[in-house]
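Asker: Below is a structure I'd like to ask you about.
The values are calculated or read from the model by the stated rules, or taken from the named source; none is laboratory data. Keep in mind it's a predicted model, so treat the numbers as computed, not measured. Because the Cβ atoms are built from the backbone with ideal geometry, glycine has one as well, and the counts that use them run over all protein chains shown. Note: areas computed on protein heavy atoms with side chains; ligands, DNA, RNA excluded. Shrake-Rupley method; radii C 1.70, N 1.55, O 1.52, S 1.80 Å.
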Amino acid sequence: MKNSRIFLPLSALAMAIGGLACEDDVSPIGGSITKGEASISIDTTIFNLNATPVINDRYDARSGALMLGNITVPEYGDLNCSFVTRLLCATNVPVADTIPEERIDSCLLSLYVGSLNYTGSSSAPQQLEVYRLEKQIPSDIDNNFVPTPGDYYNPRMPLGKKSYTVSNLALSDSLQSVTTGVTINVKMPDKMAKDIFREYKENPQIFQWPETFAKEYLPGLYVKSTFGNGCLANISSLRVSVFYHDFKTTTKVEDGDTIKTTTPDIKSVVVFSNAPEVLSSNHISYVMSDNIKDRVAAGETIITTPGGYEAKFNFPAQEIIDKYKDSERNLSIVGGLSMSIPAESVENDFGLGIAPYMLIIKTSEVEKFFAENKIPDNKTSFYAKYDSTNKRYYFSSLRSYFLDLLAKEEITDDDTEMSIIPVLISTEDVQSGYNTVTYVTQCVPYTYYPTMTRLDTKNTEIVFTFSSQVID
């Protein structure tokens, strides 16, 4: 354990910040404590967190990304993904009342994969099957949920089957240059299109609320990967469209004669889609490679996604408190507490990278945190974005956590046992006057891409800042 401490006179701090604020009336309050010896301590210590990788084979997979496909990476392992989803229905489809049934042509399921939103080879051949769910998916669903055939769906009656790749090589050069992704179109039964329009016409009340729609008409879809290896796609949107035809008439004059031509005019309407408001979840099957197991056995701290290894450690709270109390004099004020952990990706030939964010959270609160869709509060949970320049995760706001520990008569294992979990953080910027304030809006387990992160927890840097003063 290495440490260094810098002491600064309090007057130096005052000079540094004196130009930031100015008041016409200066209050004498506090003048009595300006006499005496004062200093600011910045204590930088290198800790070995003694982090222990632990297998997490059960986790929340409702990330919003619908994952489909299979990949095998020697350094990483085997990953197989399918998904289930409820659907958000259009509350009203006016053309359902006006289009005769004989003009209803077909039904199409469209799965959109954004540009480069996949892992592996875009030209790897894949195949999927789509099934109608026959019962509600559970509200406490996790990555291990697999719809059982004969119970949740009829394996002999797929709604559709499709062989596909996520490559856009089949498009023209001009379309390749402007396209932002690939759409996988899966033809559904023509009867399904007619049934949907009929239901909108005869029972419009079913479509007024997602829960009613799911219980009384369509519990959801199961999209299953059935063939192929080498590509894992992130499906950002799913839509069910009904195609129908109208007629259009064109008129032209030839040799003084007026000629009218009537041709079918193909149109479509989106009736169902996935959305954050409705439940969806990935079934993720990950078989870890011997490479990762051997690295962990040799003492490395490896974290993988989706699922696999997380890590646990005991935060060195007592050591920091002891340093603080050893230096405590008449007046001490905690300025800040931060921690940074060096990290890098695990070498591989498949381009698997590093987790973009890490969450540090009290181990006892992990399950409740994700079940209740909480966000980091900087008291018992903290997040950091990976700094690719300095190759580390920097957790900057541990001050409130430390103050709570400082106020305790006794610090228990529950107070200091922490888990390190890869997450995806969503934020929103809000303009406040001349400043932009960034708020965290979502924190979910990272299931978007397979990643391998090696944490150098033996060289964790903790920086503790506090001021102290002896009053004459």
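Asker: Would you please give the residues with an amide H less than 5 Å from that of Leu159, counting only those at least 5 places away or on a separate chain, with H modeled from the backbone geometry?
Answerer: Distant-sequence amide H within range of Leu159: Val130, Tyr131, Arg132.
Asker: Rounded if a/c is under 1.5, else prolate if a/b is larger than b/c, else oblate: which is the range 196-250, with a ≥ b ≥ c the root eigenvalues of its Cα gyration tensor?
Answerer: Oblate, since a/c reaches 1.5 and b/c is not below a/b.
Asker: With Rg and the Kirkwood Rh both taken from Cα atoms, where does Rg over Rh land for the range 54-205? Mind dumping the intermediate values first?
Answerer: Values: Rg = 18.6 Å, Rh = 18.5 Å.
Answer for the range 54-205: 1.01.
Asker: Working from the pairwise distances between different alpha carbons, so that the mean of 1/r is found and then inverted, what is the range 327-472's Kirkwood radius in Å? Show your work: numbers first, answer last.
Answerer: Details: mean 1/r = 0.0578 Å⁻¹.
Roughly 17.3 Å, rounded to one decimal.
Asker: Run the dipole for the chain about the Cα centre, Lys and Arg Cβ at +1, Asp and Glu Cβ at -1, nothing else charged, and hand back the magnitude in debye, nearest 20. Each step should come with its number before you reach the end.
Answerer: On the way: 41 positive and 59 negative charges, 197 e Å.
Using only the charged Cβ atoms, the result is roughly 940 debye.
Asker: So, with +1 on the Cβ of K and R and -1 on the Cβ of D and E, and no other charges, what is the size of the charge dipole of the range 264-362 about its Cα centre, to the nearest 20 debye?
Answerer: Numbers: 8 positive and 13 negative charges, 76 e Å.
The calculated dipole for the range 264-362 is roughly 360 debye.
Asker: List the lysines whose Cα lies under 27 Å from the Cα of Lys248, skipping any in the same chain that are fewer than 8 positions away.
Answerer: Straight-distance partners of Lys248: Lys187, Lys191, Lys194, Lys201, Lys260, Lys267.
Asker: Please list the three semi-axes, largest first and in whole Å, of the ellipsoid equivalent to the chain, using sqrt of 5 times the eigenvalues of its alpha carbon gyration tensor.
Answerer: Details: eigenvalues 626, 153, 93 Å².
Its equivalent ellipsoid spans semi-axes of 56, 28, 22 Å.
Asker: Viscosity 0.692 mPa s, temperature 37 °C: give me the Stokes-Einstein translational D for the range 92-160 in µm²/s, with Rh taken as the Kirkwood radius over C-alpha pairs.
Answerer: On the way: Rh = 16.4 Å.
For these conditions, the coefficient is 201 µm²/s.
Asker: Using just the C-alpha positions of the range 250-297 as equal point scatterers, what log10 of I(q)/I(0) does the Debye formula give at each q in 0.32 1/Å?
Answerer: -1.14
Asker: Divide, for the range 326-401, the radius of gyration over alpha carbons by 2.2 N^0.38 Å, where N is the residue count. Show your work: numbers first, answer last.
Answerer: On the way: Rg = 16.3 Å, N = 76, 2.2 N^0.38 = 11.4 Å.
Rg over 2.2 N^0.38 Å, computed on Cα atoms: 1.43.
Asker: While we're looking at this one, here's another question. I'd like the Karplus ³J(HN,Hα) series for the range 363-368: coefficients 6.51, -1.76, 1.60, θ = phi - 60°, whole numbers in Hz, and an x wherever there's a Gly or Pro.
Answerer: 4, 5, 10, 4, 4, 5
Asker: Which value in deg cm²/dmol, rounded to the nearest 500, describes the helix-derived mean residue ellipticity at 222 nm for the chain, given -39,500 (n - 2.57) per DSSP H run of n ≥ 4 and division by the residue count? Could the numbers behind the result be given before it?
Answerer: Values: 10 runs with 75 residues, N = 472.
It comes out at -4000 deg cm²/dmol, rounded to the nearest 500.
Asker: Next question. Please give every one of the lysines within straight-line cross-link reach of Lys368, meaning a C-alpha to C-alpha distance under 26 Å, and leave out same-chain neighbours fewer than 8 residues apart.
Answerer: Correct list for Lys368: Lys312, Lys379, Lys385, Lys408.
Asker: Can you tell me the accessible area per residue over the range 266-310, all protein chains present, probe 1.4 angstrom, in square angstrom? Provide the component values of the computation, followed by the final result.
Answerer: Working: 1830 Å² over 45 residues.
Averaged over the residues of the range 266-310, the accessible area is 41 Å².
Asker: Can you compute the charge dipole magnitude of the range 132-272 about its Cα centre, using +1 on each Lys and Arg Cβ and -1 on each Asp and Glu Cβ, nothing else charged? Give it in debye, rounded to the nearest 20. Numbers along the way, then the final one.
Answerer: Working: 17 positive and 16 negative charges, 60 e Å.
Rounded to the nearest 20 debye, it is 280 debye.
Asker: Averaging over all projection directions, find the projected area of the Cα convex hull of the range 273-372 and quote it in nm² with one decimal place. Provide the component values of the computation, followed by the final result.
Answerer: Numbers: hull surface 45.7 nm².
One quarter of the hull surface, i.e. the mean projection, equals 11.4 nm².
Asker: If you don't mind, there's one more thing I want to ask. Could you derive backbone 3J(HN,Hα) for the range 375-389 from the dihedral phi with the Karplus parameters 6.51, -1.76 and 1.60 (θ = phi - 60°), listing whole Hz in sequence and x where the residue is Gly or Pro?
Answerer: Result, ordered by residue: 10, x, 10, 6, 10, 10, 8, 9, 10, 9, 8, 5, 8, 5, 6 Hz.
Asker: Along the charge dipole of the chain, which of Ser467, Ser280, Thr45 sits closest to the positive end, that is, farthest toward it, with unit charges on the beta carbon of Lys, Arg, Asp and Glu (+1, +1, -1, -1)?
Answerer: Sorting the options by dipole projection puts first Ser280.
Asker: Taking all pairs of distinct Cα atoms, average 1/r, flip it, and tell me the Kirkwood hydrodynamic radius of the range 420-472 in Å to one decimal place. Write down the numbers at each step before the final one.
Answerer: Numbers: mean 1/r = 0.0629 Å⁻¹.
It is 15.9 Å.
Asker: Where the Cα atoms of the range 227-271 are projected onto their three principal axes, how long is each span, largest first, in whole Å?
Answerer: Between the extreme Cα coordinates on each principal axis of the range 227-271 lie 63, 25, 17 Å.
Asker: While we're looking at this one, here's another question. Under a point spin-label approximation (7 Å from Cα along Cα-to-Cβ), what is the Ser139-Val437 distance to one decimal in nm?
Answerer: 3.2
Asker: Oh, and also: Using +1 at the C-beta of Lys and Arg and -1 at the C-beta of Asp and Glu, which of Cys231, Ala124, Phe313 has the Cα lying farthest in the positive direction of the dipole of the chain?
Answerer: In the chain, that residue is Ala124.
Asker: Quick one: 3J(HN,Hα) in Hz for the range 310-316, Karplus 6.51/-1.76/1.60 with θ = phi - 60°, rounded, Gly and Pro as x.
Answerer: Once rounded to whole Hz, the list reads 10, 9, 10, 7, 9, 5, x.
Asker: Along the charge dipole of the chain, which of Val270, Ser106, Thr441 sits closest to the positive end, that is, farthest toward it, with unit charges on the beta carbon of Lys, Arg, Asp and Glu (+1, +1, -1, -1)?
Answerer: Value: Ser106.
Asker: For the range 317-472, which whole-number percentage of the solvent-accessible area (1.4 Å probe, protein heavy atoms only) is attributable to carbon and sulfur atoms? Please list the in-between numbers first.
Answerer: Working: 3380 of 7890 Å².
Answer for the range 317-472: carbon and sulfur cover 43 percent of the accessible area.
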